[in-house]
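As structure tokens, the structure follows; a few thoughts come after it.
Quick note: the coordinates plus some simple rules give every number you see, no bench work behind them. Everything quoted here is computed from the prediction, not taken from an experiment. Here Cβ is always computed from backbone atoms with ideal geometry, including for glycine, and neighbour counts include all displayed protein chains.
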Amino acid sequence: MRPAHAVIDLDALRHNYRLARELGGGKALAIVKADAYGHGAVRCAQALAAEADGFGVACIEEALELRQAGITAPIVLLEGCFEADELALVVAHDLWPVVSTPEQVQALCEWRGEAALTVWLKLDSGMHRLGLDPVQFRAAHARLSALPQVAQIVMMSHFARADELDSPRTAEQLAVFAAATAGLAGQTSLCNSPALLGWPQVRSDWARPGLMLYGADPFAQATATSAGLRPVMTLRSKIIAVRELAAGEPLGYGARFVAQAPTRVGVVAMGYADGYPQFAPNGTPVLIDGVRGQLIGRVSMDMLTVDLTSHPQAGVGSAVELWGSDIRLAELAPLCATSAYRLPCGLKRVPRQYQG
């Protein structure tokens with residue numbers, strides 16, 4: 001059996017959730033959209049089911065997968081309903097839709113169902129993606145509050161630059177949110193992972209931890225708080241062949257690496273078809289039998305190559321960690337011109353092994 005696999009530490013997941021809820025000071029919505037950022041939505045939700053206040057998903061398909069797996073906690077549809085007829089499914093499965101466009105407001109006003117819904121009303125405070133502008137937001141709050149089919153409203157927004165601790169944008173968005181919601185009834189939800197970890201002055205009734213739930217740091221440099229995160233995913237494989245290169249010999253596609261001296265090379269069963277970044281540069285860190293080493297040569301579809309010259313103990317069958325507790329996503333991502341969000345989300349073909 002091909003040795004590439006990902007180990008998912010569910011104890012670390014629970015630890016990170018508890019940290020998020022403690023930092024937020026209120027309830028925490030565990031964001032498990034996109035298959036829990038590549039970690040497996042059903043297994044992660046089941047691991048958190050005993051303590052999570054609720055879960056966040058992108059769409060109704062993701063919500064129904066959780067309901068079918070026995071998850072009974074509140075589930076928020078972060079993109080809301082795409083069609084008005086989805087409201088029947090929202091009611092049938094007790095889901096909480098986000099309302100962020102005039103069309104979604106109108107569909108809810110025209111809906112004649114009997115059940116009373118919990119609605120999350122989204123303000124565009126400066127992200128300029130989804131959300132109503134402040135005038136639309138206050139008008140929508142008044143309309144929805146008057147509907148018998150709406151039981152409660154949670155007022156929410158989303159920060160665009162909270163992962164930049166020196167940016168004034170978060171404070172500006174917070175001021176817009178405070179003005180737009182002044183005097184309105186309902187709970188609030190503002191804090192994403194970077195807001196929880198880096199902006200203690202920003203708090204709300206509901207936090208929405210995403211990236212931090214999986215132990216990845218949203219900041220380029222760890223803060224005192226983010227240093228307490230525990231990585232949930234460890235991506236591993238093994239060396240499947242060893243080659244000896246003479247000085248001057250090229251390695252792999254495009255001869256990106258040329259040996260400057262006799263070089264011992266390990267071939268690892270892991271490639272970009274598994275989700276490892278194709279353009280990881282020479283020198284990208286890996287862990288070889290528990291000792292730091294480096295990638296050399298271009299990553300191919302199913303394999304990559306590492307330098308074993310200074311690892312005489314390593315050979316065929318040696319364990320290789322591509323990311324995890326020792327090779328952190330926050331370290332790896334900038335080297336590969338990508339983000340800590342994208343790396344686990346891009347995982348595919350690699351079987352997941354759950355522990356804890």
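Starting from the Cα of R112, step 7 Å along the direction of its Cβ; do the same at R129; then give the gap between the two resulting points in nm.
3.7 nm
Against the 2.2 N^0.38 Å scaling, with N counting residues, where does region 134-191 land? I'd like the Cα-based Rg ratio to two decimal places.
For region 134-191, the normalised Cα radius of gyration is 1.28.
Between E65 and A246, 0.36 nm times their residue separation minus their Cα-Cα distance comes to what?
59.8 nm
What per residue convex hull volume, in Å³, do the alpha-carbon atoms of region 233-355 yield?
Considering the Cα atoms of region 233-355, their hull volume per residue is 98 Å³.
Please give the calculated 222 nm ellipticity per residue for the chain, where each DSSP H segment of at least 4 residues contributes -39500 (n - 2.57) and the sum is spread over every residue; nearest 500 deg cm²/dmol?
-7500 deg cm²/dmol
Within region 37-146, report the trypsin sites (Lys or Arg not before Pro) that DSSP leaves as loop and that have at most 11 other Cβ atoms within 10 Å.
Details: sites: R43, R67, R112, K122, R129, R138, R143; in loops: R112, R129.
Taking region 37-146 and a limit of 11 other Cβ atoms within 10 Å, the loop trypsin sites (Lys or Arg not before Pro) found are R112, R129.
Taking every eigenvalue of the Cα gyration tensor of region 10-216, multiplying by 5 and rooting it, what semi-axes result, largest first, whole Å?
Details: eigenvalues 125, 106, 34 Å².
Gyration-tensor ellipsoid for region 10-216: 25, 23, 13 Å.
Give me L287, L196 sorted ascending by neighbouring Cβ count inside 10 Å, so fewest comes first.
Ranking L287, L196 by Cβ neighbours within 10 Å, fewest first, gives L287, L196.
How long are the semi-axes of the equivalent ellipsoid of the chain, taking √(5λ) for every eigenvalue λ of the Cα gyration tensor, in whole Å from largest down?
They are 45, 21, 17 Å, listed largest first.
With label points built 7 Å along Cα→Cβ from the Cα atoms of V291 and Q278, find their separation and express it in nm.
Here the modelled spin labels are 3.4 nm apart.
Would you mind finding the longest exposed-site-free stretch of the chain, with exposed GluC sites (Glu not before Pro) meaning DSSP loop and at most 14 other Cβ atoms within 10 Å?
The reported range is 115-356.
Determine the dipole magnitude for region 65-122: charges of +1 sit on the beta-carbon of Lys and Arg, -1 on that of Asp and Glu, nothing else is charged, the reference point is the Cα centre, and the result goes in debye to the nearest 20.
Result for region 65-122 is approximately 200 debye, rounded to the nearest 20.
Can you tell me, using C-alpha contacts under 8 Å and at least 6 residues apart, the relative contact order of the chain as a whole percent?
On the way: 796 pairs, mean separation 66.4, N = 356.
Value for the chain: 19 percent.
Counting pairs of alpha carbon atoms under 8 Å apart in space and at least six apart in sequence, what relative contact order in percent does region 10-216 give?
It comes to 23 percent, rounded to a whole number.
With a 10 Å Cβ neighbour count serving as the proxy for reagent exposure, in which order, fewest first, do H5, H93, H141 appear?
H93, H5, H141
How would you rank 248-254, 35-41, highest first, on the average number of other Cβ atoms within 10 Å across their residues?
35-41, 248-254
Obtain the nm distance between the two label points defined at K348 and A92 by a simple spin-label model: each point lies 7 Å from its Cα along the Cα-to-C-beta direction.
3.0 nm
Using the number of other C-beta atoms within 10 angstrom as an exposure proxy, rank C191, C81 with the fewest first.
Listing C191, C81 from fewest to most nearby Cβ atoms yields C81, C191.
Quick one: putting +1 on the C-beta of Lys and Arg, -1 on the C-beta of Asp and Glu, what dipole do you get for region 294-356 around its Cα centre, in Debye to the nearest 20?
320 debye
Can you work out the FRET efficiency for the pair R2 and R169, with r the C-beta to C-beta distance and R0 = 56 Å, to the nearest 0.05? Don't skip to the answer; put the middle values down first.
Numbers: r = 45 Å, r/R0 = 0.80.
Here the calculated transfer efficiency is 0.80.
Based on the Cβ-Cβ distance from A222 to A49, what FRET efficiency comes out when R0 is 25 Å, to the nearest 0.05?
After rounding to 0.05, the efficiency reads 0.25.
Projected onto the charge dipole of region 10-216 (+1 at Lys/Arg Cβ, -1 at Asp/Glu Cβ, origin at the Cα centre), which of V98, C109, A151 gives the Cα projection farthest towards the positive end?
Of the candidates, A151 comes out farthest on the positive side.
Starting from the Cα of Q201, move 7 Å in the Cα-to-Cβ direction to define the label point; list residues of region 168-194 whose amide nitrogen is under 18 Å from there.
So the set is 168-180, 190-192, 194.
With a ≥ b ≥ c taken as the square roots of the eigenvalues of the C-alpha gyration tensor of region 67-130, please select rounded if a/c is under 1.5 and otherwise prolate if a/b is larger than b/c or oblate if it is not?
Verdict is oblate for region 67-130.
May I ask you to list the lysines whose Cα is less than 29 Å away from that of K122, ignoring any residue fewer than eight positions away on the same chain?
Those lysines meeting the cut-off are K27, K33.
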